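Here the structure is laid out as structure tokens; the discussion comes afterwards.
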Amino acid sequence: MRHGLGLLAVRAAAVAGLAAIVVLTQACSFSASSKGSSNSSESSSDSSASSSRSSSPESAESQYKSDVREYTAAYMKTGGQFDAFRRGIGDVAKKHNITNWEDNPVTYEGIGQGLGEAGATDLQLKAYMDGLAGQDATKRAAMQKGYDAKKK
Amino acid sequence: MRKLGRLLSLGVMLLAGLGHTAAAETGPGVEYLYVESNEGGSSGGHVALRVGDDVFHFEHRSPGILVLGRDDFDHFRYRYSVLENRTIHVSRLAVSGETAGLLADRFRRRHFLQRRHLDVIESLRADRTTLEEMLSHGIVVEAAGYFLSDHELAPEPAPLTEDPDLADLRSGVALAHGADFLERRMSSLRAALAELDPFAMDLPELPNAEMPPAPAYSFPQRYRDLMGALASLEVLRAARPLVSGSLRHRASDELVFTEADSLAARQLSDALAAALVRLVASDRPDGGVALMVGMARLAALGASRRQERWVVVDLFPSETTPVLRRRLAVRPEQAAVLLEDSSEELARTRERLVRRSENGSFPEAEFASFEAAANRSDELRLALAAERERRVLKIPLVPSRPARLGVAGLDRQALLHGLEAVHEREEAFAVGFKRRWGYNLVTRNCVSEVFSEIDAAFEGGAQESERRMGGRLRMDGSFNFIPAVSAAAVEASYPVSERLQLTSYRRARVDEMYRQENPVTVFLRESNTLTSAIYRLNADDSIFVFFTDDAVVARPLFGAVNLVVGIAASAVGLVALPVDGGATLWAGLKGALFSLPELFFQNIRKGSFEHVRRQGLPEPVTRRPEAPGGS
């Protein structure tokens, strides 16, 4: 009888141990069921949650601006070729379903914000304006607006 | 005098207190979120830190890396507490607005840093693919598949017919930039292509640990971009019509033009054409794909105007390309919900597009949303009609159907040399990423990284962290790395001002039913997967009968039944192995495995949902805060 109880306890411990292993080794992941609607590579098949982070058009626009700002501020620190920077802006825009980023004023405001955040001088701002916005007054104004909002 | 001093100091304290309160009120709130377990990859639970609207959480991904995700709170909640059916426990931390701002900055920086590394790894992968294609005399150009079919070296002959909208666009370009503009531009692109040096790969340099990689523009990227630009101008010069199968035409009345639609389509066409005239003259490096996408949309808008109904570019790859598919709902009422949701999304995005079309510029983001909604809706209807799996759209929602174009005259040795260099750099980035952010069950998981980042948010490190946060969670030599343990430890270590519980979707619905119906009926119906009015069979779940997350006393008994069912399903799955490829066997084995903890009063499995309407979700249940520091 005692032997039987001991065996039962060992079995129970083994089962509990196995369960614990299952629990511990699988933390921090997400289950298969939600992958389709989650983050990086797939869109929600059913809802409007096509973008991983956004839930409204306004918030999507502000997230795009924020991503452009972060990318520009980082470029100011790391440096690199200017055409590589422009190419990178295209990649950021594409993640927000935008291909013609040059025609989108939000892009320029985000770049201006990034320049301001990175502590760019007025002279540097002007150089970026010339390189990206040319003589387009609207684009230049958007860059200036972003720069002024984040200038340190 | 002493009394006055005391009064003054009291006044200072009050002002300081008011200042603190004001800062806490104006700054973003900080919450520690513990997400209960479920089966699959989440059986140990999950944790996150919410700062304002952003939720930061570290996810364990293949190949053994820990990636910081950033979601808005609504999305996070929908994903975890609704689709994954897991209760979220919220501990609101009493910290100042300034501290919350520092935390937000730190987590955002870390998120950006990781994302840049992952982007570079992805771009190196694309470079490797491009070089391999070039070695076999071809190159895949994104979005070219809407106008060109795959061909190797010989260029396709110009078609006999022209697309009227592209012909108009060509005229617009000639008017704005000169009659010979396209020829001049194409000549300069060909010259740039010939000048590219395949020995100068210009790959991204390995960055320092805390710095993002500097942007690089590699040889394969440049080649791809120039080929894309050249192909797009060739399409425009010939005003090529779309390749058959590039558009989605739905025969239902749902997309027939109203008067407002008709006007909007005209305005969108004009605005898009004007934008494309500007784009053609731009010297941006990656303008070719944008032009190709824009021309496909312009042609689709032209077709819409002629047919007086919305016609959109097909965002799905051609039928031969592998694509993620989802099994369709087995119950008719669920299919009806999917259809209804899809129609609502289509109506909402259409209304927004029409509204935004009035301001004269082309609202690309709104157009992309409508285009995607129309694609999803059409795909769902076609899949339901044909009783087949529906395909799932990939992000980004940009038309990208590729075509393989021929390349020749490249130095093979240089390409092989470049391929080796790209491969080495790709490996170096992947190894660096894993070294810096590799997953470890105990020392670096979703819990430990949250608290490590909290300490790193402050210049004074751990000491300042403890002072600002009112406490500190230590990981060394404790079980705090387990998500559930960490949730209790947070409540004991930090000043928690409020506790909330975002009940899992099924439990919230069941609670609602208990309030409105006979409790015995609700229990009998909702305790199991066979008769539940809420739960629908989800192919991703294991095979089980009884829900045990809300049945504590009966848990071992229900668990025993679930175990027997799991074992029986595994036996059936073994027989069905040649027919279903092991799907039933795997679901049965998982069912048996996740029943074992239930025998010991522990619950992991809760069932999950493939689709739940976002509208009308239950409100979160608030629990009263206990004494500070209590558990």
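Label sites at residue B:492 and residue B:428, each approximated as a point 7 angstrom past Cα along Cα to Cβ, lie 4.7 nm apart. Taken as entire DSSP H runs, the helices of chain B that both span 18 Å or more between Cα atoms along their own long axis and average 1.0 or more on the Kyte-Doolittle scale are B:555-580. Its DSSP H runs of at least 4 residues, each contributing -39,500 (n - 2.57), put the calculated 222 nm mean residue ellipticity of chain B at -17500 deg cm²/dmol, to the nearest 500. Legend: distances between Cα atoms for A:94/A:150; A:65/A:152; A:139/B:394; A:65/A:126; B:394/B:590; A:95/A:152; pairs beyond 22 Å are A:94/A:150; A:139/B:394; B:394/B:590; A:95/A:152.
Subtracting the Cα-Cα distance of residue B:183 and residue B:485 from their residue separation scaled by 0.36 nm leaves 101.9 nm.
Centroid-to-centroid, using Cα positions, the range B:548-563 and the range B:214-248 are 59 Å apart. Figure legend: label point modelled 7 angstrom from the Cα of residue A:83 along Cα→Cβ; residues of the range B:165-204 with amide N under 20 Å from it are B:182-204. For residue B:318 and residue B:411, the difference between the fully extended length at 0.36 nm per residue and the C-alpha to C-alpha distance is 30.3 nm. Placing pseudo-labels 7 Å out from each Cα toward the beta carbon at residue B:259 and residue B:278 gives an inter-label distance of 3.2 nm.
Taking amide H atoms as placed 1.01 Å from N in the peptide plane, the amide H of residue B:93 lies under 5 Å from those of B:30, B:31, B:32, B:497, each 5 or more residues away in sequence or on another chain.
Taking Cβ atoms as reference points and 10 Å as the exclusive limit, the residues near residue B:239 contribute a net charge of -1, counting Lys and Arg as +1 and Asp and Glu as -1.
As I understand it, the dipole of the range B:197-241 uses +1 on the Cβ of Lys and Arg and -1 on the Cβ of Asp and Glu, about the Cα centre. Which of B:235, B:216, B:201 lies farthest toward its positive end? Most positive-ward Cα: B:235. Dipole magnitude for the range B:471-598: about 100 debye, using +1 per Lys or Arg Cβ and -1 per Asp or Glu Cβ, origin at the Cα centre.
Panel order for B:202, B:550, by other beta carbons found within 10 Å of each beta carbon, from fewest to most: B:202, B:550.
Going 7 Å from the Cα of residue B:361 in the Cα-to-Cβ direction, what parts of the range A:111-152 have a backbone nitrogen less than 12 Å from that spot? Counting only backbone N, you get A:137-143. Computed from point charges on the beta carbon alone (+1 for Lys and Arg, -1 for Asp and Glu), the dipole magnitude for chain B about its Cα centre is near 1500 Debye.
The distance from the alpha carbon centre of the range B:496-511 to that of the range B:354-393 is 34 Å, rounded to a whole number. For the pair residue B:244 and residue B:266, a Förster radius of 35 Å applied to the C-beta separation gives a FRET efficiency near 0.85, rounded to the nearest 0.05. In this simple spin-label model, placing a label point 7 Å from the Cα along the Cα-to-Cβ direction at both residue B:515 and residue B:334 gives a separation of 2.7 nm. Once the chain from residue B:307 to residue B:564 is taken as fully extended at 0.36 nm per residue, the excess over their C-alpha distance is 86.6 nm.
Please label the shape of the range B:389-541 as rounded, prolate or oblate, based on the square roots a ≥ b ≥ c of the eigenvalues of the alpha-carbon gyration tensor (a/c under 1.5 means rounded; beyond that, a/b larger than b/c means prolate, else oblate). Oblate. The distance separating the Cα centre of the range B:259-315 from that of the range B:131-210 comes to 19 Å.
Amide H contacts of residue B:87: B:36, B:504, each under 5 Å away and 5 or more positions distant or on a separate chain (H built 1.01 Å from N in the peptide plane; Pro and chain starts excluded).
Label zone of residue B:197 (point 7 Å out along Cα→Cβ, amide N under 11 Å): in the range B:398-416 this covers no residue at all.
Values quoted throughout were computed directly from the atomic coordinates according to the rules given, and no laboratory measurement underlies them. Owing to the predicted nature of the structure, the values given are computational and were not obtained by experimental measurement. Note: ideal-geometry Cβ built from the backbone for every residue, glycine included; neighbour counts use all protein chains shown.
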